[in-house]
1. Please compute the alpha carbon radius of gyration of the range 160-206, then divide it by the globular-protein estimate 2.2 N^0.38 Å. Two decimals is fine.
2. With the radius of gyration and the Kirkwood radius both derived from the Cα set of the range 82-204, what is their ratio Rg to Rh?
3. Applying a 10 Å radius around every beta-carbon, put 141-154, 18-31, 185-198, 105-118 in order of their mean neighbour count, most first.
4. Once you have the Cα-Cα distance between Ile32 and Gln152, take 0.36 nm times their residue separation minus that, and quote the gain in nm to one decimal.
5. Work out the FRET efficiency for Ser118 and Glu203 from their Cβ-Cβ distance, taking R0 = 41 Å, and round it to the nearest 0.05.
Amino acid sequence: MRGYEFTERGKIVIAVIIAIPLFIIAITLAVIAWNNSQPPPDDPPSHSEPFSPDDDPEISDKPLPDGSGFTPPDPDDPSSTEQGEFDPDPDRDGEILDLGNIYINSIDGIMKFVYYPSSGDTFNETVVSLIGDFLASPQNTADAQIVAEMPQLPEEELSSLINAIIDAFARHDIPKETLAYSLYQADPDDDSFEVKFYFLKPEDRK
């Protein structure tokens, strides 16, 4: 049997065939070693710290910028006392509420307020809301009648005032049929008048 001899070309081919797997193995081991040497990623930065009940809030004594926050009414400004400028939730003194232009005595069942004919046929929301306090009076019994005492105004202004009264009580589910009206003489030169609500018992009716 004749012996075989490798040519130079055959030797190169065999060397390449052997070298390729070794090269692939070396690259794989290098990649694995490099990945194992990387430090773990840092935790993402936190933008806020959790609130602790023991933490005291920071209180600043700097003034608010213009237009921010609550601006109390100027007591020297006469416009702040007109109808519609009252605090709807004032401090109360027992059963009597006195806001200057609105007065309620829920024990006696009386409500008085200043009305401006220029305001038309609606009351401001404060007056409408406080009618609920008036209706909560113990004088508001099943047989009592609600009387609106108001000034004798020109026909058009008087009609607007009556419509305002009817609308305000209707918003408290009081029908207009249960309302009565009493007129008093007023100075026609005045631009504001007192309107008074009270309860009339059957024995007091004429």
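Laboratory data are not the source of any read-out in this text; all were calculated from the coordinates shown. This one's a predicted model, so the numbers in the text were calculated from it and none came from an experiment. Cβ atoms come from the backbone with ideal geometry, glycine included; neighbour counts cover every protein chain shown.
1. Rg over 2.2 N^0.38 Å, computed on Cα atoms: 1.36.
2. Working: Rg = 13.8 Å, Rh = 14.7 Å.
Dividing the radius of gyration by the Kirkwood radius yields 0.94.
3. Highest-to-lowest ranking by the protection proxy: 105-118, 141-154, 185-198, 18-31.
4. Details: separation 120, 0.36 × 120 = 43.20 nm, distance 10.11 nm.
So the chain would gain 33.1 nm between Ile32 and Gln152.
5. FRET efficiency, Ser118 to Glu203: 0.60.
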